[in-house]
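What follows is a single structure, written as structure tokens, with notes after it.
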Amino acid sequence: MALTNTFKEAVKLGNIRRIRIMMKDSILVDPTFRKFREMANAAASVKGLYDIHDEKGFELNRENWNSEYIDKQVVQLLSNFSKERIEHIEEVIDYLNPSVKITHTNNDIRSNEYLDTKSISYKEQKHCDQQQGRYKYSKFATGAVAGAVVGGVVASAVGATVVTGAVAGAVVGGVAVSIVSNGGK
């Protein structure tokens, strides 16, 4: 994956806020964290990129991990861009996306491998995910990402902060998908 010129420029200028926002956004788009790791490697020389963890605890009960929890952690990432929070978000995303096994290599770049060696089609995987109740999270996350993009653009156009618009858009987009997915219930 190639880094954008915008990201490269932010690194060159040492624009920490902009680097963090783009790295945070990559988490929402790429659950494998490959893009995030590429960006982290490119920004490794930027002083002050990572914060000391604010000691705010994480939800450790996996039964409470869902797309809303990820959204909350990603929002908190902007105010506390700590390696601990990033690792926790990664763990939650890995848990909620069990069809993709993430493996670490020596240089900490990640690669996709299916959990088992049997290759299954998209339709078969979708059916399994629906049966196990995981498919709704995929729809919700997609709606949240789309809403975040639209919200960020709208906020930029009206002069509000892009982050505020993206967060509001993510919530609206996720709720809209949830309502549609549940037949308006």
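Only the coordinates and a few stated rules stand behind these numbers; no lab work does. Just so it is clear, the structure is predicted and the values come from calculations on it, not from any experiment. All Cβ positions, even for glycine, are placed from backbone atoms using ideal geometry, and neighbour counts span all protein chains on display.
For this structure, a couple of remarks:
- Centroid-to-centroid separation of segment 1-24 and segment 32-103 [C-alpha atoms, Å]: 17 Å
- Relative exposure of Leu78, Leu96, judged by other C-beta atoms within 10 Å (fewest first): Leu78, Leu96
- Residues Lys35, Lys12 in ascending order of nearby Cβ atoms (within 10 Å, fewest first): Lys12, Lys35.
- Likely footprinting exposure, Glu90, Glu55, fewest C-beta neighbours within 10 Å first: Glu55, Glu90
- Of Lys12/Lys83; Lys47/Lys72; Lys8/Lys72; Lys35/Lys83; Lys12/Lys56, pairs whose Cα-Cα distance is over 24 Å: Lys47/Lys72; Lys8/Lys72; Lys12/Lys56
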